[in-house]
Amino acid sequence: MKSDRAAAGLLVIRIVLGFMFVYHGAPKLFGGSDKWVQVGGAMASAGISFGFVFWGFMAAFAEFFGGLCLVLGLFFRVFSALLFITMAVAARMLLAKGSGLSAAGHPLELAAIFAGLYLIGPGPWSLDA
């Protein structure tokens, strides 16, 4: 009985986080190269000053398709790792801009969640199972 409750709890987390990442990732993914340059500009905080279109597209791809795969429990660990990296870069960018921990806290929290999800796995109620 306890394992069913844990599986259900993990499923709730996967569905809610997944839908939110699809929701927030869609305008980035379908926003085109102007949007990708804007999103990819976060890499400048890590000293990378080239390929902003590529980096922005990759972040948008990770958010949209990562969210979808979280819901389905498909390629779960791959997308958990990609979303961890995306949130870590977002947090670094906010801290580098001087926005402080109150602004960077949300992506830091999400990075921690994705690290934990990577370790836990998608659970038994997933396409990966």
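The values are calculated or read from the model by the stated rules, or taken from the named source; none is laboratory data. Keep in mind that this is a model prediction, so the values were computed, not measured. Cβ coordinates were reconstructed from backbone atoms using ideal geometry, including for glycine residues, and neighbour counts include every protein chain displayed. All accessible areas refer to the heavy atoms of the entire protein, side chains included, with ligands and DNA or RNA removed. Shrake-Rupley method; radii C 1.70, N 1.55, O 1.52, S 1.80 Å.
Number of residues in the stretch 77-129 that are in contact with a Lys or Arg (Cβ under 8 Å, 6 or more places away or on another chain) and of a type in the set (Phe, Trp, Tyr): the value is 1. Which residue out of Glu63, Glu109 is closer than 18 Å to Val16 by Cβ, of a type in the set (D, E, K, R) and surrounded by fewer than 21 Cβ atoms within 10 Å (Cβ to Cβ)? Just one listed residue meets the conditions, Glu109.
Taken over the stretch 82-97, the criterion of being surrounded by fewer than 16 Cβ atoms within 10 Å (Cβ to Cβ) and either hydrophobic (A, V, I, L, M, F, W, C) or closer than 11 Å to Ala59 by Cα (or both) is satisfied by Ile85, Ala96.
Only residues that are closer than 30 Å to Ile120 by Cα, among the small types (Gly, Ala, Ser) and not in a helix (DSSP H, G or I) were counted across the stretch 1-60, and they come to 0. Of all residues in the stretch 67-81, those satisfying the criterion of being open to solvent by less than 70 Å² (accessible area, probe 1.4 Å) and part of a helix (DSSP H, G or I) are Gly67, Cys69, Leu70, Val71, Phe76, Phe79, Ser80, Ala81.
Looking only at residues of the stretch 1-49 that are open to solvent by 40 Å² or more (accessible area, probe 1.4 Å) and charged (D, E, K, R), we find that the one that is modelled with the lowest pLDDT is Lys2.
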